[in-house]
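Please treat every number below as a calculation from the coordinates, not as lab data. Since we're looking at a predicted model, the values are computed, not measured. Heads up, the Cβs are rebuilt from the backbone with ideal geometry, glycines too, and the neighbour counts pull from every protein chain shown.
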2 protein chains.
Amino acid sequence: MYIVILAGGSGTRFWPLSRTSRPKQLISITGDRTMLQRTVERVLPLKPKRILIVTNHLQADETSRQVSSYDTIPIDVISEPMAKNTAPAIGLAATIIAAHDPKGTMAVLPADHFIRDEEALLQTISLSAKSAANGYLVTLGIMPTRPETGYGYIEADMELRGDGPFPVVRFVEKPAFETALSYLQAGNFFWNSGMFLWRADVILEEIKTYIPELGQALAKINFNSDVWELSDLKSQVEVMFKNLTSVSIDYGVMEKSTRVQVVPVEMGWSDVGSWSAIPEVVEANNDGNFLINTGDYVAINSKNCVVYGDKQTIATVGVDDLIVVSTPEALLVCHRDAAQDVKKVVEELTARGATATIL
Amino acid sequence: MYIVILAGGSGTRFWPLSRTSRPKQLISITGDRTMLQRTVERVLPLKPKRILIVTNHLQADETSRQVSSYDTIPIDVISEPMAKNTAPAIGLAATIIAAHDPKGTMAVLPADHFIRDEEALLQTISLSAKSAANGYLVTLGIMPTRPETGYGYIEADMELRGDGPFPVVRFVEKPAFETALSYLQAGNFFWNSGMFLWRADVILEEIKTYIPELGQALAKINFNSDVWELSDLKSQVEVMFKNLTSVSIDYGVMEKSTRVQVVPVEMGWSDVGSWSAIPEVVEANNDGNFLINTGDYVAINSKNCVVYGDKQTIATVGVDDLIVVSTPEALLVCHRDAAQDVKKVVEELTARGATATIL
């Protein structure tokens, strides 16, 4: 098995901890290792043949640096010349794998998700491997725990089989609240986690069918089966990416293919989409606040606060439901319900011409 | 005229900007100079003979350092061996002045008050000087602007004279809200500002009458009329202070003396009692937030926040009525209605054995 880690994300939702040059997967939100490092470590017990990390050229160096100490499994960092969403990234990785091992199974995992029960993930991947080897596109479906309206859902046909994989009835994008509630109650709807298992040749075939533009572009590139990196194909890939349409593998392939299956999994998953998701991934302290990497912290009549600090002593007094993130360069104080507006801070600072140390 | 500045205050209500070793008067809350420096500069146009600053031994060095550049008027720093409230501090200063100039008039001013209209203060002091020379204890009464329940009030008999000084009917300590409201409406009640004008010999006489313990102790000390500092009397003063009862000049003398007058003054005064008083002394910016010494600041859906920072970029998102104070060592995030609880943070940190750099 091959592991493909999608680590090309950029984003400002974790400002000021994340920066343009240091997106979520490259920072440590919940512990001493970065989310990318935790993603790599999580799959090491599977003993994959190789791990391919697809990222973009701005983050390639830092990405390589962060995984340089894992020497039990060969790790390749594939640097995209520009971000074109997940289908080109996955297509590129599948093409490289197929050049060496056409029927090789690849598990695709985002680099910036939190998984509490890592054993459950590994069992689910093992459970799905046979379906993948048999030519199915297997997607991991997260058991929903709330009527979340921000995720995509996968409806499974669970009539026939026990643990799955189950045939997929349909994909539903971000539903309305009442719909989400009915999905939660129905029991056969799962969150689309963006984690997949399939054979390299099968996904390339499906890409050729449903995203012919991408399929043809990938087919034109002659990967050298002696190496696992782009090396002398870099300029060729650059031209290819420039002409590609941005498209996700979900929209481009999964929602259209007839070979899709879903395996439900309960693993304490969170995509840690913003600071307001921290309570999903960090235990509350005795006061009911959520501390990350904080030095001395004093809470006076204060609860449900997410507090990130380092060397500063931090005190919150008479405030609830706040996000407080202090770094040497920048400080964020944000209501937990307004975490989606953190990106506006970065937009405003960008408009003011702030320097890269802040952005 | 002599100016006596009471600069012995300690306190934690402006933590983390103020520290035990750096109380409110020694920090800059509203501009580039400290409150002590602003107090000194404010009275320079009066061309006083001398300025005596009474502080305690812990802050004497920093106090001297902060006033060392004012060389047009002689400034003496009188270091109390311990804090015993305002009556001993004022008695000590009066004794030193009386040793040189018994009938000299002294204006007593706190070192940590904010005054927007400094011209009004100077005019009021000039207006009061004749009454003081005639043997009255003149107190400056602030025109109330709200039914404040945290201050003492002075009731004036305003039947007879135009601008004052007026005879004082009585002093009232922190009234209930309804009472405070009736005072505000009555028009002859003023906030007790802790600013006074009197002759050195007169206040000493009144101290002798109403606080005999203090009067006798002061009378025993033979001040050398060649110098203005305690110099070789230090150990004598130390013994004397050790045996004194703590008492305020208001409670000890003003509430009992029959020679008290009040001069009303409207001068944009604030005692800047806590972080929640900042909106009284700082103009709101366009977003309706109150910035002190802040570097880059971004407010997204955020108003009525008091923000103190330095080099950090600070952003508030979706929050109102917060106090955010960030120093390199410590960060405070506090609701404006909970500013009185800031001292609990210092208590908690003290209990944890925090170092002096934090306290």
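Key figures for this structure:
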| item | result |
| --- | --- |
| The stretch B:130-256: C-alpha gyration tensor shape, a/c 1.5 cut-off, then a/b vs b/c | prolate |
| Shortest-first nm distances, A:Leu127 label point to equivalent points in other copies (7 Å, Cα→Cβ) | 8.5 |
| Tilt relative to chain A, helix A:200-210 - C-alpha long axis, 0 to 90 degrees, to 10 | 90 |
| Qualifying lysines (Cα of each under 18 Å from Cα of A:Lys242; at least 8 residues distant if same chain) | A:Lys84, A:Lys220, A:Lys234 |
| Calculated P(r) tail over 40 Å for chain B, as whole % of Cα pairs | 15 |
| Estimated 222 nm signal from helices in the protein assembly as shown, with DSSP H stretches of n ≥ 4 weighted -39500 (n - 2.57), rounded to 500 | -8500 deg cm²/dmol |
| At 7 Å out from Cα toward Cβ: B:Tyr70 inter-copy label distances (nm, ascending) | 6.5 |
| Calculated Rg and Dmax of the stretch B:275-351 using C-alpha coordinates, Å | 12.4, 41 |
| Residue-averaged beta-carbon neighbours from other chains (10 angstrom radius) around B:317-328 | 5 |
| Calculated label separations, B:Thr209, copies of the chain, 7 Å along the beta-carbon direction, nm | 10.7 |
| Degrees separating the helix A:234-243 axis from the principal Cα axis of chain A, which is the longest one | 80 |
| Between the stretch A:161-230 and the stretch B:285-353, the Cα center-to-center distance that results, in Å | 46 |
| Three-way shape call for the stretch A:185-237 based on the alpha-carbon gyration tensor, with the a/c threshold at 1.5 | prolate |
| Values of log10 I(q)/I(0), in the order q = 0.08, 0.10 Å⁻¹, for the protein assembly as shown under a Debye, Cα-only, solvent-free model | -0.74, -0.94 |
| Tilt relative to chain B, helix B:342-351 - C-alpha long axis, 0 to 90 degrees, to 10 | 90 |
